[in-house]
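Peer 1: Please read through the structure below; I'll follow up with questions.
Nothing in this text is a laboratory measurement; each read-out follows from the coordinates by a stated rule. Bear in mind that the values here come from a model prediction, so they are computed numbers and not experimental data. Please note: Cβ atoms are built from the backbone with ideal geometry, for glycine as well, and neighbour counts cover all protein chains shown.
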Amino acid sequence: MKIIQAIINPYALDNVREALSELGEFGMTATEVKGYGRQKGHTETYRGTEYEISYVPKIMIEIAASDDQVDDIVQCIIGGAKSEKIGAGKIFILPLEEVVRVRTSETGDSAI
Ligand SMILES: Nc1ncnc2c1ncn2[C@@H]1O[C@H](COP(=O)(O)OP(=O)(O)OP(=O)(O)O)[C@@H](O)[C@H]1O
Ligand SMILES: [Mg+2]
């Protein structure tokens, strides 16, 4: 199992959710975050505001997935969030040791 952690532009969230819902039923967590990538010193624009050097508002989505779902989910996120502009996002894929579904005490893949 993996955790897919994607940091995307806030306005791309609905697109990404829509693309994912066509793929299947996935739980996800979305968190408001701020960050920056490689363009320290260059400007990035969000809703008409220019952010220089410091942090830009982003959304981090986290999805726990079985190994065989990871590629499809990543493609969905790219499809929903891709842009020609800098700052479109970054996806990290982390190993996930265990999942426990509280209501049923199921563990592993079937708890996702
Ligand atoms: N190396 C990193 N470590 C942690 N978070 C990162 C890293 N790179 C990017 N991020 C996060 O992802 C967000 C989006 O990154 P961004 O798309 O700007 O990456 P980039 O490598 O600069 O690509 P681009 O050249 O397309 O802008 C950042 O605002 C930051 O929150
Ligand atoms: Mg960048």
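Residue by residue, here is whether (1) within 10 Å of ligand 1 (Cβ to nearest atom); (2) charged (D, E, K, R) holds:
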site: Gln5; (1), (2): yes, no
site: Ile8; (1), (2): yes, no
site: Leu23; (1), (2): no, no
site: Glu32; (1), (2): no, yes
site: Ile73; (1), (2): no, no
site: Ile78; (1), (2): no, no
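Peer 1: Still on this model: With respect to Gly108, is the statement that it is away from ligand 2 (no atom under 13 Å from the Cβ) and in contact (Cβ under 8 Å) with a residue 24 or more places away in the chain true?
Peer 2: It is true that Gly108 is away from ligand 2 (no atom under 13 Å from the Cβ) and in contact (Cβ under 8 Å) with a residue 24 or more places away in the chain.
Peer 1: Within the range 51-68, can one find any residue that is within 20 Å of Tyr11 (Cβ to Cβ), β-branched (Val, Ile, Thr) and in contact with a Phe, Trp or Tyr (Cβ under 7 Å, 6 or more places away or on another chain)?
Peer 2: yes
Peer 1: Any chance the range 25-48 includes a residue that's in contact with a Cys (Cβ under 7 Å, 6 or more places away or on another chain) and either surrounded by fewer than 17 Cβ atoms within 10 Å (Cβ to Cβ) or outside any loop (DSSP other than H, G, I, E, B) (or both)?
Peer 2: Taking every residue of the range 25-48 in turn, none turns out to be in contact with a Cys (Cβ under 7 Å, 6 or more places away or on another chain) and either surrounded by fewer than 17 Cβ atoms within 10 Å (Cβ to Cβ) or outside any loop (DSSP other than H, G, I, E, B) (or both).
Peer 1: Going by what's in this entry, would Glu84 be described as without any contact (Cβ under 8 Å) to a residue 12 or more places away in the chain and either in a strand (DSSP E or B) or within 16 Å of ligand 2 (Cβ to nearest atom) (or both)?
Peer 2: When the stated conditions are applied, Glu84 passes them.
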